[in-house]
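Take a look at the structure below.
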Amino acid sequence: MHKLKVVSLGPGHPDYILPIAKKEIAAAEVILCGERHLESFDATGKEVMIIGRGTPLSELMQRVKECYPVRKTAIVVSGDCGFYSLLTYTKKRIPSEDIEAIPGISSLQYLFAKIGMTWQDAEMMSLHGRNQDLPGRAATGKKIGILTDGEHNTAYIAKTLRENGYGEKFLYVGEDLSYSDERITRLTVEEGLSFKEKGMAVVVIADE
(Lines give C-alpha, C1' and ligand atoms only; values in the text may rest on other atoms or scores of the structure.)
Protein backbone atom coordinates (compact mmCIF):
# COMPACT_ATOMS: atom_id res chain seq x y z
CA MET A 1 0.00 0.00 0.00
CA HIS A 2 1.27 3.46 -0.94
CA LYS A 3 1.12 6.59 1.15
CA LEU A 4 -0.64 9.64 -0.23
CA LYS A 5 1.93 12.39 -0.81
CA VAL A 6 0.93 16.01 -0.23
CA VAL A 7 3.69 17.80 -2.11
CA SER A 8 4.56 21.48 -1.64
CA LEU A 9 5.45 23.23 -4.89
CA GLY A 10 6.87 26.41 -3.39
CA PRO A 11 6.04 29.78 -4.98
CA GLY A 12 5.87 28.22 -8.45
CA HIS A 13 9.06 28.49 -10.48
CA PRO A 14 10.94 25.16 -10.80
CA ASP A 15 14.08 26.76 -9.32
CA TYR A 16 12.26 27.00 -5.98
CA ILE A 17 10.86 23.46 -5.89
CA LEU A 18 12.77 21.28 -3.43
CA PRO A 19 14.50 18.22 -4.95
CA ILE A 20 12.42 15.83 -2.82
CA ALA A 21 9.23 17.46 -4.15
CA LYS A 22 10.43 17.05 -7.75
CA LYS A 23 11.23 13.41 -7.02
CA GLU A 24 7.79 12.69 -5.56
CA ILE A 25 5.98 14.44 -8.41
CA ALA A 26 8.03 12.53 -10.99
CA ALA A 27 7.22 9.23 -9.26
CA ALA A 28 3.49 9.89 -8.97
CA GLU A 29 1.09 8.11 -11.31
CA VAL A 30 -1.92 10.18 -10.23
CA ILE A 31 -1.82 13.90 -9.43
CA LEU A 32 -4.40 16.32 -8.04
CA CYS A 33 -3.35 19.94 -8.55
CA GLY A 34 -4.32 23.42 -9.69
CA GLU A 35 -4.21 24.60 -13.30
CA ARG A 36 -1.10 26.76 -12.96
CA HIS A 37 0.82 24.03 -11.14
CA LEU A 38 1.12 22.22 -14.47
CA GLU A 39 3.53 24.93 -15.62
CA SER A 40 6.03 23.75 -13.01
CA PHE A 41 6.40 20.04 -13.82
CA ASP A 42 5.99 17.46 -16.57
CA ALA A 43 2.70 15.59 -16.22
CA THR A 44 3.16 13.41 -19.31
CA GLY A 45 1.77 9.91 -18.80
CA LYS A 46 0.08 10.72 -15.49
CA GLU A 47 -3.58 10.80 -14.57
CA VAL A 48 -4.10 14.45 -13.68
CA MET A 49 -7.12 15.91 -11.92
CA ILE A 50 -7.40 19.69 -12.01
CA ILE A 51 -8.99 21.67 -9.20
CA GLY A 52 -11.28 24.44 -10.41
CA ARG A 53 -12.47 22.95 -13.69
CA GLY A 54 -16.00 22.32 -12.49
CA THR A 55 -15.71 18.99 -10.71
CA PRO A 56 -16.44 19.42 -6.98
CA LEU A 57 -13.39 19.02 -4.78
CA SER A 58 -15.22 16.32 -2.81
CA GLU A 59 -15.48 14.19 -5.96
CA LEU A 60 -11.83 14.73 -6.83
CA MET A 61 -10.83 13.74 -3.31
CA GLN A 62 -12.95 10.61 -3.55
CA ARG A 63 -10.98 9.64 -6.64
CA VAL A 64 -7.74 10.30 -4.74
CA LYS A 65 -9.03 8.11 -1.92
CA GLU A 66 -9.63 5.27 -4.37
CA CYS A 67 -6.25 5.64 -6.07
CA TYR A 68 -3.61 6.18 -3.42
CA PRO A 69 -3.58 2.70 -1.84
CA VAL A 70 -2.80 1.02 -5.17
CA ARG A 71 -1.19 3.74 -7.31
CA LYS A 72 1.42 6.34 -6.40
CA THR A 73 -0.66 9.47 -5.85
CA ALA A 74 0.26 13.07 -5.05
CA ILE A 75 -1.70 16.17 -4.17
CA VAL A 76 0.34 19.17 -5.30
CA VAL A 77 -0.17 22.43 -3.41
CA SER A 78 1.31 25.91 -3.72
CA GLY A 79 3.79 27.24 -1.18
CA ASP A 80 4.22 25.05 1.89
CA CYS A 81 1.57 22.46 2.68
CA GLY A 82 1.63 23.40 6.37
CA PHE A 83 0.29 26.91 5.76
CA TYR A 84 -3.36 27.16 4.65
CA SER A 85 -3.29 24.37 2.08
CA LEU A 86 -5.29 21.30 1.10
CA LEU A 87 -3.47 19.31 3.77
CA THR A 88 -6.11 20.24 6.36
CA TYR A 89 -8.96 19.20 4.05
CA THR A 90 -7.15 16.00 3.12
CA LYS A 91 -6.58 14.94 6.74
CA LYS A 92 -10.32 15.17 7.40
CA ARG A 93 -10.94 12.54 4.72
CA ILE A 94 -7.88 10.31 4.74
CA PRO A 95 -6.17 8.82 7.84
CA SER A 96 -3.15 10.85 8.94
CA GLU A 97 -0.98 7.73 9.03
CA ASP A 98 -1.58 7.30 5.29
CA ILE A 99 -0.33 10.80 4.45
CA GLU A 100 3.23 11.98 3.92
CA ALA A 101 3.66 15.75 3.68
CA ILE A 102 6.56 17.19 1.67
CA PRO A 103 7.52 20.74 2.73
CA GLY A 104 8.25 23.71 0.50
CA ILE A 105 8.92 27.45 0.40
CA SER A 106 5.79 29.45 1.16
CA SER A 107 4.93 32.55 -0.85
CA LEU A 108 5.18 34.69 2.28
CA GLN A 109 8.56 33.22 3.20
CA TYR A 110 9.71 34.05 -0.32
CA LEU A 111 8.35 37.62 -0.15
CA PHE A 112 9.96 38.32 3.22
CA ALA A 113 13.30 37.21 1.78
CA LYS A 114 12.90 39.32 -1.35
CA ILE A 115 12.21 42.48 0.66
CA GLY A 116 15.07 41.69 3.05
CA MET A 117 13.01 41.27 6.20
CA THR A 118 12.98 38.55 8.85
CA TRP A 119 9.73 36.75 9.58
CA GLN A 120 10.37 34.96 12.86
CA ASP A 121 8.82 38.01 14.55
CA ALA A 122 5.85 38.35 12.17
CA GLU A 123 2.18 37.53 12.47
CA MET A 124 0.92 35.25 9.68
CA MET A 125 -2.68 35.10 8.50
CA SER A 126 -4.89 34.27 5.54
CA LEU A 127 -7.75 36.35 4.19
CA HIS A 128 -8.12 33.93 1.29
CA GLY A 129 -11.75 32.84 1.52
CA ARG A 130 -11.98 33.70 5.21
CA ASN A 131 -12.30 36.62 7.61
CA GLN A 132 -9.69 37.18 10.29
CA ASP A 133 -9.04 39.99 12.75
CA LEU A 134 -6.63 42.21 10.83
CA PRO A 135 -6.97 45.20 13.21
CA GLY A 136 -6.23 42.88 16.13
CA ARG A 137 -3.08 41.61 14.42
CA ALA A 138 -2.01 45.18 13.59
CA ALA A 139 -2.44 46.12 17.26
CA THR A 140 0.44 43.78 18.16
CA GLY A 141 2.84 46.13 16.38
CA LYS A 142 4.42 43.21 14.55
CA LYS A 143 4.97 42.73 10.84
CA ILE A 144 2.07 40.85 9.25
CA GLY A 145 2.19 38.43 6.34
CA ILE A 146 -1.15 37.94 4.58
CA LEU A 147 -2.53 35.62 1.92
CA THR A 148 -5.21 37.53 -0.01
CA ASP A 149 -8.07 36.85 -2.41
CA GLY A 150 -10.09 38.86 -4.91
CA GLU A 151 -12.26 40.48 -2.24
CA HIS A 152 -9.74 40.76 0.58
CA ASN A 153 -7.10 42.38 -1.61
CA THR A 154 -4.53 45.15 -1.16
CA ALA A 155 -7.17 47.90 -1.31
CA TYR A 156 -9.25 46.11 1.33
CA ILE A 157 -6.22 45.73 3.59
CA ALA A 158 -5.27 49.40 3.16
CA LYS A 159 -8.84 50.54 3.88
CA THR A 160 -8.99 48.39 7.02
CA LEU A 161 -5.67 49.75 8.27
CA ARG A 162 -6.65 53.38 7.66
CA GLU A 163 -10.07 53.01 9.30
CA ASN A 164 -8.47 51.51 12.41
CA GLY A 165 -5.72 54.08 12.86
CA TYR A 166 -2.81 52.30 11.18
CA GLY A 167 -2.40 54.64 8.22
CA GLU A 168 1.34 55.03 8.82
CA LYS A 169 2.11 51.43 7.85
CA PHE A 170 3.73 50.29 4.60
CA LEU A 171 2.49 47.50 2.35
CA TYR A 172 4.67 45.18 0.27
CA VAL A 173 2.60 43.47 -2.40
CA GLY A 174 4.01 40.38 -4.11
CA GLU A 175 2.46 39.21 -7.39
CA ASP A 176 3.40 36.21 -9.57
CA LEU A 177 6.25 35.51 -7.17
CA SER A 178 9.24 33.59 -8.58
CA TYR A 179 7.92 33.82 -12.16
CA SER A 180 9.42 35.97 -14.93
CA ASP A 181 6.59 38.51 -14.53
CA GLU A 182 7.09 38.81 -10.76
CA ARG A 183 6.18 42.20 -9.35
CA ILE A 184 6.88 43.44 -5.80
CA THR A 185 5.51 46.88 -4.94
CA ARG A 186 6.07 48.99 -1.81
CA LEU A 187 3.08 51.20 -0.99
CA THR A 188 1.89 53.59 1.65
CA VAL A 189 -1.55 52.81 3.03
CA GLU A 190 -2.92 55.75 1.02
CA GLU A 191 -1.41 54.36 -2.19
CA GLY A 192 -2.75 50.92 -1.35
CA LEU A 193 -6.34 52.18 -1.39
CA SER A 194 -6.32 52.37 -5.20
CA PHE A 195 -3.82 49.60 -5.99
CA LYS A 196 -4.92 47.02 -8.56
CA GLU A 197 -3.31 43.58 -8.52
CA LYS A 198 -2.72 41.63 -11.73
CA GLY A 199 -4.11 38.53 -10.03
CA MET A 200 -3.51 36.72 -6.77
CA ALA A 201 -1.11 38.45 -4.39
CA VAL A 202 0.45 38.18 -0.96
CA VAL A 203 1.02 41.19 1.27
CA VAL A 204 3.43 42.10 4.05
CA ILE A 205 2.55 44.96 6.39
CA ALA A 206 5.51 46.65 8.07
CA ASP A 207 6.61 49.89 9.74
CA GLU A 208 9.36 50.66 7.22
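When you scan the range 188-202, how many residues do you find that are closer than 18 Å to Glu163 by Cα, under 22 Å from the mean Cα position of the chain (by Cα) and not in a helix (DSSP H, G or I)?
The number of residues fulfilling the criteria is 1.
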Can you name every residue in the range 174-187 that is surrounded by 14 or more Cβ atoms within 10 Å (Cβ to Cβ) and not in a strand (DSSP E or B)?
Asp176, Leu177, Ser178, Tyr179, Glu182
Failed condition for Lys72, given (1) crowded, with 17+ Cβ neighbours inside 10 Å; (2) of a type in the set (Lys, Arg); (3) without any contact (Cβ under 8 Å) to a residue 24 or more places away in the chain:
(3)
Listed residues Ile146, Ile99; which is closer than 27 Å to Leu9 by Cβ, of a type in the set (Val, Ile, Thr) and under 18 Å from the mean Cα position of the chain (by Cα)?
Ile146
Which pairs have Cβ atoms under 6 Å, sit 6 or more apart or on different chains, and link a residue in the range 109-135 that is free of Cβ contacts under 8 Å to residues at least 24 places away in the same chain and under 11 Å from Leu147 (Cβ atoms) to one that is assigned to a loop (DSSP other than H, G, I, E, B) and not aromatic (Phe, Trp, Tyr)?
Met125/Gln132; Gly129/Asp149
Is it the case that Thr140 is hydroxyl-bearing (Ser, Thr, Tyr) and over 12 Å from the mean Cα position of the chain (by Cα)?
yes
Write out, first by first residue and then by second, each pair whose Cβ atoms fall under 9 Å of each other, whose residues are 6+ apart or on separate chains, and whose first residue, in the range 43-59, is closer than 16 Å to Arg71 by Cα and of a type in the set (Val, Ile, Thr) while the second is outside any loop (DSSP other than H, G, I, E, B) and at pLDDT below 95.
Val48/Leu38
The one condition Cys81 fails out of (1) more than 20 Å from the chain's Cα centre (by Cα); (2) buried (at least 20 other Cβ atoms within 10 Å of the Cβ) is (1)
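The values are calculated or read from the model by the stated rules, or taken from the named source; none is laboratory data. All of these numbers come straight from a predicted model, not from anything done at the bench. Heads up, the Cβs are rebuilt from the backbone with ideal geometry, glycines too, and the neighbour counts pull from every protein chain shown.
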